[in-house]
Structure formats: C-alpha cells, structure tokens
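Reading through the structure tokens given below for one structure.
The values are calculated or read from the model by the stated rules, or taken from the named source; none is laboratory data. Every value quoted in this text rests on a predicted model; they were computed, and no experiment measured them. Note: ideal-geometry Cβ built from the backbone for every residue, glycine included; neighbour counts use all protein chains shown. Surface areas here come from the heavy atoms of the whole protein model, side chains and all, with no ligands, DNA or RNA. Shrake-Rupley method; radii C 1.70, N 1.55, O 1.52, S 1.80 Å.
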Amino acid sequence: KAGVSIGTVSRVVKKKPGVNPETRRKIEQICTELNYTSNTAGRSLFLKKTKNVVAVIISYKNNTFSQELICGFKENETIGTEYNVFLEYFLVNQTSEHELLRVLESVFSLENLKGIIIRTSSSEEIKEKISILNINHIPIITCVTDITGIERLCFVGNDNHAEGRLAA
C-alpha cells in the first residue's frame with residue numbers, strides 16, 4: 001500500500017532512523033488506518049529471545065488415560081521448542097482439590113507464562129482461580145472436563161451428549 005520495502009516499514013515501526021520524513025508519515029498514516037500495533041509476544045516467539053512457558057496441569061488418577069495424555073504432550077514437545085515454548089508439568093491427585101488450588105496459585109508466579117493446558121474438575125473455586133488467568137489474558141485450553149463459564153481458547157475432549165445421540 002505504501003509502495004516501499006519491508007525494511008523501510010520495519011524501520012518506521014521500530015522508530016529507527018534512515019527513512020525520508022514524508023515516507024515515514026505515509027507509513028505511520030497507513031499503520032493508523034489499519035489499527036496496526038506491534039506484537040511483542042509474536043516478535044519474541046519469532047526471534048526466540050524469551051523462554052515462553054505453557055503450564056500443563058493434569059489432575060490424574062493412576063490410570064492409562066492420564067499416562068497417555070502426558071505421553072502425547074511429551075512426544076510433541078520438540079515442536080514448541082522451535083519457537084522457544086516450553087511445557088512445565090504439574091501432576092495433581094484428582095481427588096485433592098486443595099492440592100490443585102495450590103498448584104494453580106504457584107503457576108500464577110511462573111515467569112513468562114504464556115498459556116495453560118488443564119485437566120481438572122469444574123468446581124467454583126477452580127473457576128475462580130482460572131478467572132484470574134482470564135483477567136491477565138493468559139490463554140487456557142481445557143482437557144477432558146470442560147469448564148463452563150470461563151474464557152478458554154478451546155476444549156479438547158469428548159462430547160458425551162453428541163455421542164449419546166449418535167449411539168441412540
């Protein structure tokens with residue numbers, strides 16, 4: 001739209017010298033029209049300068065399903081490391097909501113927390129803790145048990161209602 005090189009646009013966006021003042025004004029006007037804002041998180045992913053942490057919190061029973069879920073994450077960890085995304089695992093006894101709340105509290109203090117993948121119950125106390133993540137714009141993916149009433153990126157699991165209709 002501006003008829004200039006990517007490098008010129010980059011210098012304007014990064015407020016670097018070496019751009020004709022008229023060209024700079026034109027590019028800045030286009031950025032304003034397009035509501036462009038610099039995405040520092042995206043840039044750090046691309047440049048691999050920041051360790052980005054995704055917390056994987058799994059309430060588990062000692063069963064095959066939980067083990068397979070963890071194995072699936074571990075088998076695919078290398079995909080994230082290409083973008084400096086690292087998974088931190090927190091395994092919590094499924095019957096101990098107190099322990100899960102404690103783990104959630106500790107996850108809030110993780111440096112460079114960029115997301116949470118969680119398999120848990122949907123109690124009111126859990127929802128309350130997770131809503132703090134919503135306020136801080138931390139993406140959440142729920143597994144197995146969907147937690148209604150929270151903002152989440154997606155739910156990964158079965159739709160038992162649809163499966164029941166299909167079976168009937």
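Some notes on this structure:
Residue by residue, here is whether (1) over 23 Å from Val107 (Cβ atoms); (2) crowded, with 16+ Cβ neighbours inside 10 Å; (3) at pLDDT below 80 holds:
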position: Lys14; (1), (2), (3): yes, no, no
position: Thr23; (1), (2), (3): yes, yes, no
position: Leu34; (1), (2), (3): yes, no, no
position: Ser59; (1), (2), (3): no, yes, yes
position: Gln67; (1), (2), (3): no, no, yes
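- Selected residue (criterion: most open to solvent (accessible area, probe 1.4 Å)) from residues of segment 74-101 that are closer than 18 Å to Val54 by Cβ, assigned to a loop (DSSP other than H, G, I, E, B) and free of Cβ contacts under 8 Å to residues at least 40 places away in the same chain: Tyr83
- Segment 102-114, subset open to solvent by less than 30 Å² (accessible area, probe 1.4 Å) and part of a helix (DSSP H, G or I), residue nearest to Val85 (Cα to Cα): Val107
Quick grid of which residues meet (1) over 22 Å from Cys71 (Cα atoms); (2) of a type outside the set (Lys, Arg); (3) touching a Pro at 6+ places or on another chain (Cβ under 9 Å):
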{"position": "Val92", "(1), (2), (3)": "no, yes, no"}
{"position": "Glu99", "(1), (2), (3)": "yes, yes, no"}
{"position": "Lys114", "(1), (2), (3)": "no, no, yes"}
{"position": "Ile118", "(1), (2), (3)": "no, yes, no"}
{"position": "Glu124", "(1), (2), (3)": "yes, yes, no"}
{"position": "Leu133", "(1), (2), (3)": "yes, yes, yes"}
{"position": "Thr145", "(1), (2), (3)": "no, yes, no"}
{"position": "Gly149", "(1), (2), (3)": "yes, yes, no"}
{"position": "Gly164", "(1), (2), (3)": "yes, yes, no"}
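- Within segment 129-145, being surrounded by 15 or more Cβ atoms within 10 Å (Cβ to Cβ) and not hydroxyl-bearing (Ser, Thr, Tyr) holds for Lys129, Ile130, Leu133, Ile138, Pro139, Ile140, Ile141, Cys143, Val144.
- Among the residues of segment 15-36, those identified as polar (S, T, N, Q) and either assigned to a helix (DSSP H, G or I) or within 29 Å of the chain's Cα centre (by Cα) (or both) are Thr23, Gln29, Thr32, Asn35.
- Against the test of being open to solvent by less than 90 Å² (accessible area, probe 1.4 Å) and outside any helix (DSSP H, G or I), the options Ile126, Ile117 yield a single qualifying residue, Ile117.
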